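Notes for the one structure printed next.
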Amino acid sequence: MLPDKQFLIDLAHTKMPYGKYKGRYLIDLPEYYVVWYHNQGFPKGKLGNMLKQVYELKLNGLEDLVRNIQKQYPKG
């Protein structure tokens, strides 16, 4: 089940805050990296919840949903 609209808008504009992929939009993280988090355990808090959602979106081939949100609701 997908979360509410504002969560998806926030997700679409959130970038990875640290690590090898710092500064990259969460939806643009490589699939293997998100799967690694899934296997190791997601961080706690909002970032962890967003990464869990990214995992589900990638698992189901729905990345374009978030990319469309990025276009429809530009950060401003």
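The values are calculated or read from the model by the stated rules, or taken from the named source; none is laboratory data. Computed from a predicted model, the values in this text were never measured in an experiment. Heads up, the Cβs are rebuilt from the backbone with ideal geometry, glycines too, and the neighbour counts pull from every protein chain shown.
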Touching a Pro at 6+ places or on another chain (Cβ under 9 Å), touching a residue at least 24 places away in the same chain (Cβ under 8 Å) and not in a helix (DSSP H, G or I) - does that describe any residue in the range 11-19?
yes
Unique match (being free of Cβ contacts under 8 Å to residues at least 24 places away in the same chain and either outside any helix (DSSP H, G or I) or loosely packed, with under 15 Cβ neighbours inside 10 Å (or both)) among 75, 71:
71
What number of residues within the range 20-57 are exposed (fewer than 13 other Cβ atoms within 10 Å of the Cβ) and either polar (S, T, N, Q) or not in a helix (DSSP H, G or I) (or both)?
8
Residues to consider are 23, 61; find the one that is at positive phi, out of contact with any Lys or Arg (no Cβ under 6 Å at 6 or more places or on another chain) and small (Gly, Ala, Ser).
61
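Conditions (1) modelled with pLDDT of 95 or more; (2) under 12 Å from the mean Cα position of the chain (by Cα), marked per residue:
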{"site": "5", "(1), (2)": "no, no"}
{"site": "9", "(1), (2)": "no, yes"}
{"site": "14", "(1), (2)": "yes, yes"}
{"site": "19", "(1), (2)": "no, no"}
{"site": "24", "(1), (2)": "yes, yes"}
{"site": "28", "(1), (2)": "yes, yes"}
{"site": "47", "(1), (2)": "yes, yes"}
{"site": "52", "(1), (2)": "yes, yes"}
